[in-house]
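Worksheet: the structure to be examined is printed underneath.
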Amino acid sequence: MTLALVAVVVLLIAIAIVALRARKARSSDSGGKRSDGTATCEHCRAQFDYFLVHNGFNDSAYAYCDTCGMTALLSGWATNIPAQVELRVHQPVTAEVDPWLRPCSCGGRFRGHASPRCPECHEPFPAAGLTSEIERNAPGTKVGWRWQQSWSGLYAIVIENRMIEDNWSSPSQNIPPPPP
C-alpha cells in the first residue's frame, strides 16, 4: 500500500468512528429515534429531524416517494428482489427499477429521480440548500468530510424517521413489468 492510500484509509476509519460515537450519543438522547440533526425547510420554515444513510456502508440503493418524500432503502442483500430486477447499489435506483417498488402509503410512487420533501409543506428539498445544516451537524466535517450536495450520490436522507425497507412488489400483486 502506498502512503497516500494508508492515509485515506486512516481518515475514513476516523470519520466512521467519530460518526458512530456521535450517532450513539444522539440516539440515546432522543429515546432511540435516530437523528443526525435538525434542519429547516426553506419554503415553510418547518424544522425536522433527519439522518443520512451511507449506501456504500449499507450495500443499498434508495428512492424517494414522489408525493410525500418518504425514503425507500433497498438492500443489495435482500432475498425478495425480483429476479427480473438489476439493482445497482450505492446510488438511487434506476428508472427500470421504479415500477418494481410497491407504492408509498400516501399513494405516491418511489422513484430514483424523486427528491426528499418537507413533512409539512411537501415541497422538495434542494440538496445544496441543506449543505450548511448537514455539514454543521456532521461530526466528520471536522476531519474533512463534505456533503455531496445532490440527491443522486452515495448518501440518502431520511426525514423524521419516515422510511421503508425492501418494499419490492411480489408477483402475486400483479404489478406490471417495467416498460420496454
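The values are calculated or read from the model by the stated rules, or taken from the named source; none is laboratory data. This one's a predicted model, so the numbers in the text were calculated from it and none came from an experiment. Positions of Cβ are generated from backbone atoms using ideal geometry, with glycine treated the same way; all protein chains shown enter the neighbour counts.
Structural remarks
- The one condition in (1) free of Cβ contacts under 8 Å to residues at least 40 places away in the same chain; (2) surrounded by fewer than 14 Cβ atoms within 10 Å (Cβ to Cβ); (3) small (G, A, S) that G107 fails to fulfil: (1)
- Residues located in segment 135-147, provided they are touching an Asp or Glu at 6+ places or on another chain (Cβ under 8 Å) and within 14 Å of F51 (Cα to Cα): N137, A138, W147
- Of all residues making up segment 42-58, the number that are under 10 Å from A156 (Cβ atoms) and either loosely packed, with under 12 Cβ neighbours inside 10 Å or among the polar types (S, T, N, Q) (or both): 2
- Whichever residue in segment 83-104 is buried (at least 19 other Cβ atoms within 10 Å of the Cβ) and within 17 Å of V53 (Cα to Cα) and, among such residues, is farthest from the chain's Cα centre (by Cα): V93
- Residue within segment 61-77 that is assigned to a loop (DSSP other than H, G, I, E, B), on the phi < 0 side of the Ramachandran plot, of a type in the set (A, V, I, L, M) and surrounded by fewer than 22 Cβ atoms within 10 Å (Cβ to Cβ) present: no
- Scan of segment 129-159 for residues that are in contact (Cβ under 8 Å) with a residue 12 or more places away in the chain and in a loop (DSSP other than H, G, I, E, B), ordered by number: A138, G144, W145, W147, Q148, Q149, S150, W151, S152, G153, L154
- Flag if A39 is under 20 Å from G129 (Cα atoms), without any contact (Cβ under 8 Å) to a residue 60 or more places away in the chain and part of a strand (DSSP E or B): no
- Some residue of segment 14-36 being buried (at least 17 other Cβ atoms within 10 Å of the Cβ), farther than 18 Å from E135 by Cβ and at pLDDT below 90: no
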